[in-house]
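Undergrad: Sharing a structure with you now.
The values are calculated or read from the model by the stated rules, or taken from the named source; none is laboratory data. Bear in mind that the values here come from a model prediction, so they are computed numbers and not experimental data. Neighbour counts run over all protein chains shown; Cβ positions are idealised from the backbone, glycine included.
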Amino acid sequence: MTTIRQFTCDDLFRFNNVNLDPLTETYGLPFYMQYMAHWPEYFQIAESPSGDIMGYIMGKAEGNGDNWHGHVTALTVAPEYRRLGLAAKLMSNLEEISEKKRCFFVDLFVRVSNKVAVDMYNKLGYSVYRRVIEYYSGDVDEDAFDMRKALSRDVEKKSVVPLGHPVRPEELD
Amino acid sequence: MAICYREIHKLDLIADMYENAHKKRPDNEEILTAMFMAYVRLGNHKKQQQTAMTLHKLKPNKNPYYFWAIMSIVMQARNCTDKNLAQKMFLPLAERMTKKFVDEGKVEAEAEVQMYLIILELMEKWEDALNVLEGPLSEKLVSELNFKETKSTEFYTKLGRWKESNIAYRKLLCSNRDHMYWWREYINSALKLEEEKWLPPDDSKELVDYTGEKALSFIKECQEKDKGSRQERGPYLAHLELIKQAQKTICDPCRIYGDPVELLENYYIEFGDKFCCFSDLRAYLDILNTEEQSRLVECIMSKNQYKESDGTLIYVENIKQMQRHITCLQLCRCMSAHVKLTKDEKLELARELVDRHKNGLKFGKELLTTDLQFCDSYLLLAVALLLDVWQNHGENSLVWQIIVLLELGMKESPSSFQMKLLLIRLYCTMGAFGPCPALYDGMEIKYIMNDTLGHIVSNHVGRLGHFSSACAMYGTMLRFFTFNHKETAEYLIASYKFGSFTKIDEFVRFRDRLQHSLQYASATAERMLLDLVLETNSHVSTEQMIMYMEIDPAQDKTDFDALRDNRNFSVILSWDPTSICDVEKAKQHSYREEVAWLKIRNLTLRILAASVMLGQEIDHDHQMNNGLSKDGKQPIHNVLYDLKNKLSQHVQNCHEQFSQEYKYPIQGPFRTRLSTFLQGNYFPVFLEMLENVTYVHSLQDIDIDKIDDGKEERLKTSVTKMLKELLEKNKVCMIYDDNNCKSINPDIIENMVLLSEAISHLCVLFGVCYRMLKPVKTVLSRRNKKKKENILPIPCTFDNYNTLVKDVEKVCQEIHKTASELDPVFLSLDLSSLNLSQPFQDNNEYAEMEKEMWKSIEVSYQQSFVEITEFLHKKLQYLSGLHL
C-alpha cells in the first residue's frame, strides 16, 4: 500500500534508501529545487505504510506548438519496492497530468543497455522514437533511446512516428 | 555587478544598487523587478511587499505583482514571532487583498487561487477554504491530480465533518484502493462517526460508512475487486489498520473485526514473497499481545521447515521461496524470537544463515554489479545475530568475523549499501578508519547526503587520527553547506516567477534547516579546531591562522536553539523490536550529547582565539572607555574570563549528564568523544593553563608587587604534573589479554589523539604567555645592561615559565615516543598471526579475506600513529620556539 503525494524539500533528507542505489543519481540541490519551483505537480513521491520512501518521479511540461509535451526526467524505485507496479503507477500519474495540460505526448530518455527499463516502458505503451548518440557520458559514452507515448490530443499519433535516423545530442531541441 | 555582489555574498549591496537605480528611473519595471528579487534573496519581506506594491501601481494589469505583495505579507506572518500579530494583522490584510481581487473578478491564474487557499489555511478558516474549493474559482485548480478532492477531504477532517470526510475518502479509494493515507483517514472518519453514534436520516441515499463494521465491509468489497488480477496490498493492510485504530480509540484489545493473527498470517501467505512484506507488516505487529505474537511466529515458522529431521539443511528452490523464508525470519526476529535464543543457538542459526546465503548466490548469477543479490538478507540477518552475541556476551573476537563475512558478501553484491554502512561502523568501532573512505565513496555520498549521512565518517575520522582525511572530508561537507545558501535563494526567486506560492515557505524553511544543521555546525567546529593546530609549528603561524579565521570570541557562531538534527538513521535496516533497539530514542540522546560536545568545541575554539588576541593586545593600543574598548567591544581579558567560566560550568554539567556512556545500537548513532574526554580528564589541564594565562596577564607589565608565590609555583609545576599523569594513563598496550585470548584495544588511538590535541591547545596558551612576557624581559634586560647600578630585580615568573615549557617539552617528547612505539610496524606486529579471531568458516576464501582484513587494519593503525607522531613533532617545534 502506498501514498503518492507531491515531493517536498523535507523528503530530500530521507531519500537515502532510494538514492544509495547505484543507478539513482543524486543531484545538487538546484536540480531538485528547479523542478519543485517550476513543476511542483510533476514531482511526486511514493511512501510506504511505514513511512519509507519507495520511489519518486520527476517531470516537466515543455515545448511549443504540437511539440508541447510531458517529459520524464527521473524515475526511481528503491530495490525492496520493485516488482509492485509502482513505476507504472507513477508514470500513469504523470501521463494524466500531461493530459490535463493538453500535451500531445510524453517522452523520456533511457540507456539503450537498460533492458529492464526499456521493456517496462514498452509495456506501458512507449515506443522508440529515435536513438540519441552518446547521450550519456561516462567512461564509455552510451546512446539513449528517446521513447514516446502519444496522448489523446494527438489523435493521429503523429508524435510517435519513429524518426528513421539517429540524432546527436546537440540536435535535440 | 549584481552577479559579482552575489558571488561575494554582499546581498544587501544588490538591493542598495537597485534602490539607487529606481530613484533615478522610478517607472522602470525591470529595475523594480530586480529590486524585488534582491529583497527575496535577503529575506526582507517588508521591503518585498513595498516593492511589489510599487510594481502593482506601475502595472495594475499584471496580476503577479499584486500577488507577490500578498505572498510577501504572508511571509511576514510566517516569520513574525508574535503569533497574534500574524493572525490579527498580516493574514487578515492578505486575505482582504485577495478577496478584493476575487470580488472584482480579477483572478486569472491557478497560483492566485492557491494563494487564497494558503491564506485561509493559515487562518484556519476551513469553511471559507471549502467554499473556494466548491465554488467557481476551483475551476482554475487543474495542475495537481485530485487536488480539489484531496484538499476538501482534508478540510472536512479539520472541521470534524466526519460524514463528508467519510464519503469523500470512500470515493477517492474507489479510484485507488492502494492509497495508504486515504485508508487511514477513511477508517478514522468511520470510527469517529461510530463514536458520535451518528445515524443517517431515514431517506438518505448517501454512501456513508458510519461504523467500524461498515468500514470492514467496504474493505472486504475492495479486496474482492482484485481477485483474479494483480492483488493490491492496500485493502488487506486496511483491515489491520482498522483493528489498530479501533484498539487506540474504542477497545483494547479489539478482536471484533477479526483475529489479527489470522490476518497477518494470510497477508504473509499472500505477499510473503515480496521484499516489502516485512516493512508492510512491521507497524501492525504491535496489535498483538505476547501470546498472539508467539502464535504467529509458530504459524509462519511451520510454513518454512527447511531442515531434515537429522538437522541437515534443505535449501530453497527458487527466489520466491527464498524471499518467503527471509520474510519469515525478519518477522520472527521482530517478534523477539531471537532474543529467546541462547548464545550457542544464536551462533548456530547464524552459521545456518551464512550457509543459506552462500547457497542462495546461485539464483543471482545473471545479475549486474548494480543489482543486489537476492540472498543478501540472509547474510544481514546472520550478522544481526552475531552482533547480538558480540554486544551481549562481549566476545570481541566476533567483530572480526563479522567484518570478514561482510567483506565476502560485498564481493558478491558490490552495490549493497547496507553492508557498506555496517562495515564503516564496525571498522571505526575497532579504531580503523583506513578502509572507510573507499566504502564511503563507493556509495557516492554527495550533496545533501553530506548532511544526512556525513556523520557516519565525520564522527570518526578526526577521532581516529586520520587528520589529512579529516581535512578533506570536512572540506567537502562544508562546501556543500556554503554553496547551498546561495543556490536556494535563486529558487526562491524562481518560485515567485512561476507563481509556485506553496513552495516559497517550504524553501525558506528548507534553507533554515540546512543552515542550522547540527552536522554543519559540528563539521565547522571540528574543521576550525583542526586547522588551528594541525599545521601550526610556531606561535606566529597560530596567530596568522586565528586572524584568517575571523573568529569573534564574544559571539558563538552556532544558534543552539535553532539547531536541527538532519541525520538519517532509518536507512540502516534493523529487524529488532523497538523494545530492544529504539533508534529514535537513541537519536534523541545522541543529539543532546552532540550538542553538549559541540558546545565544548565551540567554547574551546573561542577561548583559544581570545587567548591569542590577548597575547597580541600588547601590539594594539586599547583605550578603555567605561570598561569597553573604543570599538565598543568588551576588553578581551573579560571575554576570556567569561568564556573560561562558561566552559568550566558546561563541563561540570556534562559530568553530571554524560559521564555514563550510553549504549547506542549499531544501527543507530555513534557516541561523541564527550565521555572519553570527561573520563580522561583532559579538561583540568587546559583549565589550569588558562589560569596561568590569566595570572601572567594580571601581572601587567610584570609588576613585581603583584607576584604571588602560590601562583608562581603553580605556573612552574602543575601543568607538567597533570600532563605526566595523563601520559601514564595512556601508556597501555595495543594488544591485551582478554579472558585468555588476545584482543585489540581500539581506545588507545582516540586517547592518543585527545592527548595530542590537549598538548596542541597548551602550546597555544604557552605562546600567549610568551607573547606577554617576552617584551618585558627584553626591556628589563636591556635596561639592566645599560645601567650597572640600580639594577631592577628580574621577577621569578620568567624562570618559572621557562621551567614549565622545558618540562612540558620533555613530556611531549615522551608522548611522541609512546605514539611512535604504538605503530604496528615499529612493533613488527603481524595482526593476522596473533589469533585475534577464530575463523568463522574453514575455507580458503575466508582465510584470504581475513588476511586482507588484517592487512588493511594494520595499515590503518599505522596511518593513525604516523599522523599522530607527525602532529606531535610539529608541537615540539612549536615549543622549542617558546623559550624566553
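Undergrad: When you look at residue B:464, is it at pLDDT 95 or above and part of a helix (DSSP H, G or I), yes or no? Break it down stepwise before answering.
TA: Numbers: at pLDDT 95 or above: yes; part of a helix (DSSP H, G or I): no.
Answer is no for this residue.
Undergrad: Looking at segment B:477-521, which of the residues that are more than 7 Å from chain A (Cβ to nearest Cβ) and not in a helix (DSSP H, G or I) is surrounded by the most Cβ atoms within 10 Å (Cβ to Cβ)?
TA: The selected residue is B:517.
Undergrad: Being in the same structural domain as residue B:324 (by TED's automatic domain parsing), of a type in the set (D, E, K, R), within 24 Å of residue B:374 (Cβ to Cβ) and in contact with a Gly (Cβ under 9 Å, 6 or more places away or on another chain) narrows it down to one of B:307, B:303, so name that one.
TA: Values: B:307 fails: in contact with a Gly (Cβ under 9 Å, 6 or more places away or on another chain).
From the options B:307, B:303, the qualifying one is B:303.
Undergrad: While we're looking at this one, here's another question. Is it the case that residue B:257 is in contact with a Gly (Cβ under 8 Å, 6 or more places away or on another chain), among the aromatic types (Phe, Trp, Tyr) and surrounded by 13 or more Cβ atoms within 10 Å (Cβ to Cβ)?
TA: On the way: in contact with a Gly (Cβ under 8 Å, 6 or more places away or on another chain): yes; among the aromatic types (Phe, Trp, Tyr): yes; surrounded by 13 or more Cβ atoms within 10 Å (Cβ to Cβ): yes.
Yes, satisfied.
Undergrad: Counting only residues that are assigned to a loop (DSSP other than H, G, I, E, B) and among the β-branched types (Val, Ile, Thr), which one in segment A:132-173 is farthest from residue A:96 (Cα to Cα)? Break it down stepwise before answering.
TA: First, pick out the residues of segment A:132-173 that are assigned to a loop (DSSP other than H, G, I, E, B): A:137-141, A:151-157, A:161-166, A:168, A:172-173.
Retained after the next criterion (residues that are among the β-branched types (Val, Ile, Thr)): A:140, A:155, A:161.
On the way: A:140: 36, A:155: 16, A:161: 22 Å.
The qualifying residue farthest from residue A:96 (Cα to Cα) is A:140.
Yes or no, residue by residue, for (1) under 30 Å from residue B:109 (Cβ atoms); (2) within 14 Å of chain A (Cβ to nearest Cβ); (3) surrounded by fewer than 20 Cβ atoms within 10 Å (Cβ to Cβ):
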| residue | (1), (2), (3) |
| --- | --- |
| B:147 | yes, yes, yes |
| B:166 | no, no, no |
| B:178 | no, yes, no |
| B:186 | no, yes, no |
| B:200 | no, no, yes |
| B:206 | no, no, yes |
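Undergrad: Of the residues in segment A:12-22, how many are of a type in the set (A, V, I, L, M), at the interface with chain B (Cβ under 8 Å from one of its Cβ atoms) and either over 27 Å from residue B:110 (Cα atoms) or surrounded by fewer than 21 Cβ atoms within 10 Å (Cβ to Cβ) (or both)? Spell out how you get there, then give the answer.
TA: The initial filter retains those residues of segment A:12-22 that are of a type in the set (A, V, I, L, M), namely A:12, A:18, A:20.
Then drop every residue that is not at the interface with chain B (Cβ under 8 Å from one of its Cβ atoms), which leaves A:12, A:20.
Retained after the next criterion (residues that are either over 27 Å from residue B:110 (Cα atoms) or surrounded by fewer than 21 Cβ atoms within 10 Å (Cβ to Cβ) (or both)): A:20.
The number of residues fulfilling the criteria is 1.
Undergrad: Please go through segment B:202-246 and pick out each residue that is free of Cβ contacts under 8 Å to residues at least 24 places away in the same chain, within 44 Å of the chain's Cα centre (by Cα) and part of a helix (DSSP H, G or I).
TA: Passing the criteria: B:219, B:220, B:223.
Undergrad: Moving to a separate point now. Taking the criterion of being touching a His at 6+ places or on another chain (Cβ under 8 Å), hydroxyl-bearing (Ser, Thr, Tyr) and over 22 Å from residue B:538 (Cβ atoms), would at least one residue in segment B:863-879 satisfy it? Can you show your working first?
TA: Of the residues in segment B:863-879, the ones touching a His at 6+ places or on another chain (Cβ under 8 Å) are B:863-864, B:867, B:869, B:872-873, B:876, B:878.
From the residues that got through so far, the ones that are hydroxyl-bearing (Ser, Thr, Tyr) too are B:864, B:869, B:878.
Checking which are over 22 Å from residue B:538 (Cβ atoms) leaves us with B:864.
Checked segment B:863-879: at least one residue is touching a His at 6+ places or on another chain (Cβ under 8 Å), hydroxyl-bearing (Ser, Thr, Tyr) and over 22 Å from residue B:538 (Cβ atoms).
Undergrad: Next question, about the same structure. Just a yes or no: is a residue in segment B:102-124 aromatic (Phe, Trp, Tyr), more than 20 Å from residue B:505 (Cα to Cα) and crowded, with 18+ Cβ neighbours inside 10 Å? Walk me through how you get there before you give the answer.
TA: Initial filter on segment B:102-124 (aromatic (Phe, Trp, Tyr)): B:116.
Narrowing further to those that are more than 20 Å from residue B:505 (Cα to Cα): none.
Within segment B:102-124, none of the residues are aromatic (Phe, Trp, Tyr), more than 20 Å from residue B:505 (Cα to Cα) and crowded, with 18+ Cβ neighbours inside 10 Å.
Undergrad: Got a number for residues in segment B:267-314 being more than 19 Å from residue B:353 (Cβ to Cβ), within 14 Å of another protein chain (Cβ to nearest Cβ) and assigned to a helix (DSSP H, G or I)?
TA: Result for segment B:267-314: 10.
Undergrad: OK, next. Please tell me if residue B:795 is surrounded by 14 or more Cβ atoms within 10 Å (Cβ to Cβ), more than 19 Å from residue B:757 (Cα to Cα) and modelled with pLDDT under 80.
TA: Details: surrounded by 14 or more Cβ atoms within 10 Å (Cβ to Cβ): yes; more than 19 Å from residue B:757 (Cα to Cα): yes; modelled with pLDDT under 80: no.
In short, no.
Undergrad: Hey, any hits in segment B:69-79 for a residue that's touching a His at 6+ places or on another chain (Cβ under 6 Å), in contact (Cβ under 8 Å) with a residue 40 or more places away in the chain and closer than 19 Å to residue B:509 by Cα?
TA: For segment B:69-79, residues touching a His at 6+ places or on another chain (Cβ under 6 Å), in contact (Cβ under 8 Å) with a residue 40 or more places away in the chain and closer than 19 Å to residue B:509 by Cα: present.
Undergrad: Continuing with this model, one more query. What strands (runs of 3 or more DSSP E) lie completely within segment A:26-105 and have 2 or more residues being within 7 Å of chain B (Cβ to nearest Cβ) and charged (D, E, K, R)? Reasoning before the result, please.
TA: Numbers: elements: A:44-47, A:53-62, A:69-77.
Of the strands (runs of 3 or more DSSP E) lying wholly inside segment A:26-105, none has at least 2 residues that are within 7 Å of chain B (Cβ to nearest Cβ) and charged (D, E, K, R).
Undergrad: Looking at segment B:74-85, which of its residues are in a helix (DSSP H, G or I) and either exposed (fewer than 13 other Cβ atoms within 10 Å of the Cβ) or more than 32 Å from the chain's Cα centre (by Cα) (or both)? Let's see the steps before the verdict.
TA: Initial filter on segment B:74-85 (in a helix (DSSP H, G or I)): B:74-79, B:83-85.
B:83, B:84, B:85, listed by residue number.
Undergrad: Filter segment B:300-357 down to the residues that are more than 34 Å from the chain's Cα centre (by Cα) and surrounded by 19 or more Cβ atoms within 10 Å (Cβ to Cβ), then identify the one that is nearest to residue B:272 (Cα to Cα).
TA: Across segment B:300-357, the extreme among qualifying residues is B:324.
Undergrad: Could you check residue A:113 against (1) within 14 Å of another protein chain (Cβ to nearest Cβ); (2) modelled with pLDDT of 95 or more; (3) within 30 Å of residue A:52 (Cβ to Cβ) and say which number it fails?
TA: (2)
Yes/no per residue for (1) surrounded by 12 or more Cβ atoms within 10 Å (Cβ to Cβ); (2) within 21 Å of residue A:39 (Cα to Cα):
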position: A:95; (1), (2): yes, yes
position: A:105; (1), (2): yes, yes
position: A:121; (1), (2): yes, no
position: A:131; (1), (2): yes, no
position: A:148; (1), (2): yes, yes
position: A:151; (1), (2): yes, yes
position: A:156; (1), (2): no, no
position: A:163; (1), (2): no, no
position: A:169; (1), (2): yes, no
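Undergrad: Here's a follow-up. Of all residues in segment B:424-459, how many are more than 14 Å from every other protein chain (Cβ to nearest Cβ) and over 14 Å from the mean Cα position of the chain (by Cα)?
TA: Within segment B:424-459, the subset more than 14 Å from every other protein chain (Cβ to nearest Cβ) is B:425-438, B:457-459.
From what's left, over 14 Å from the mean Cα position of the chain (by Cα): B:425-438.
Qualifying residue count for the region: 14.
Undergrad: While we're looking at this one, here's another question. Collect the residues in segment B:538-555 that are buried (at least 19 other Cβ atoms within 10 Å of the Cβ) and among the polar types (S, T, N, Q), keeping them in residue-number order. Steps first, please.
TA: So in segment B:538-555, the residues buried (at least 19 other Cβ atoms within 10 Å of the Cβ) come out as B:539, B:542-543, B:545-546, B:551, B:553.
Once the filter is applied, which keeps residues that are buried (at least 19 other Cβ atoms within 10 Å of the Cβ) and among the polar types (S, T, N, Q), segment B:538-555 yields only B:542.
Undergrad: Another question, if that's okay. So, in segment B:615-649, exactly how many residues are of a type in the set (A, V, I, L, M) and modelled with pLDDT under 95?
TA: Initially, segment B:615-649 is screened for residues of a type in the set (A, V, I, L, M), giving B:618, B:624, B:628, B:636, B:639-640, B:643, B:647.
This time we only want the ones that are modelled with pLDDT under 95, so: B:618, B:624, B:628, B:636.
Looking only at that region, the number is 4.
So that you can scan it fast, the table gives a plain yes or no per residue for (1) touching a helix residue (DSSP H, G or I) at 6+ places or on another chain (Cβ under 9 Å); (2) surrounded by fewer than 20 Cβ atoms within 10 Å (Cβ to Cβ); (3) touching a residue at least 60 places away in the same chain (Cβ under 8 Å); (4) not basic (Lys, Arg):
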{"residue": "A:7", "(1), (2), (3), (4)": "yes, no, no, yes"}
{"residue": "A:36", "(1), (2), (3), (4)": "yes, no, no, yes"}
{"residue": "A:39", "(1), (2), (3), (4)": "yes, no, no, yes"}
{"residue": "A:42", "(1), (2), (3), (4)": "yes, no, no, yes"}
{"residue": "A:45", "(1), (2), (3), (4)": "yes, no, no, yes"}
{"residue": "A:65", "(1), (2), (3), (4)": "no, yes, no, yes"}
{"residue": "A:88", "(1), (2), (3), (4)": "yes, yes, no, yes"}
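Listed here are the residues, each with its yes/no results for (1) surrounded by fewer than 22 Cβ atoms within 10 Å (Cβ to Cβ); (2) closer than 26 Å to residue B:219 by Cα; (3) of a type outside the set (D, E, K, R).
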{"position": "A:3", "(1), (2), (3)": "yes, yes, yes"}
{"position": "A:10", "(1), (2), (3)": "yes, no, no"}
{"position": "A:24", "(1), (2), (3)": "yes, no, yes"}
{"position": "A:32", "(1), (2), (3)": "no, no, yes"}
{"position": "A:69", "(1), (2), (3)": "no, no, yes"}
{"position": "A:82", "(1), (2), (3)": "yes, yes, no"}
{"position": "A:108", "(1), (2), (3)": "no, no, yes"}
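Undergrad: Run down B:674, B:643, B:699, B:647 and say which single residue is buried (at least 18 other Cβ atoms within 10 Å of the Cβ), farther than 30 Å from residue B:589 by Cα and touching a residue at least 40 places away in the same chain (Cβ under 8 Å).
TA: B:699
For (1) in contact (Cβ under 8 Å) with a residue 12 or more places away in the chain; (2) part of a helix (DSSP H, G or I), each residue gets a yes or a no:
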{"site": "B:724", "(1), (2)": "yes, yes"}
{"site": "B:736", "(1), (2)": "no, no"}
{"site": "B:752", "(1), (2)": "yes, yes"}
{"site": "B:755", "(1), (2)": "yes, yes"}
{"site": "B:769", "(1), (2)": "yes, yes"}
{"site": "B:788", "(1), (2)": "no, no"}
{"site": "B:794", "(1), (2)": "yes, no"}
{"site": "B:802", "(1), (2)": "yes, yes"}
{"site": "B:811", "(1), (2)": "yes, yes"}
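Undergrad: Further, regarding this structure: Collect the residues in segment B:220-241 that are more than 12 Å from chain A (Cβ to nearest Cβ) and surrounded by 23 or more Cβ atoms within 10 Å (Cβ to Cβ), keeping them in residue-number order.
TA: Once the filter is applied, which keeps residues that are more than 12 Å from chain A (Cβ to nearest Cβ) and surrounded by 23 or more Cβ atoms within 10 Å (Cβ to Cβ), segment B:220-241 yields nothing.
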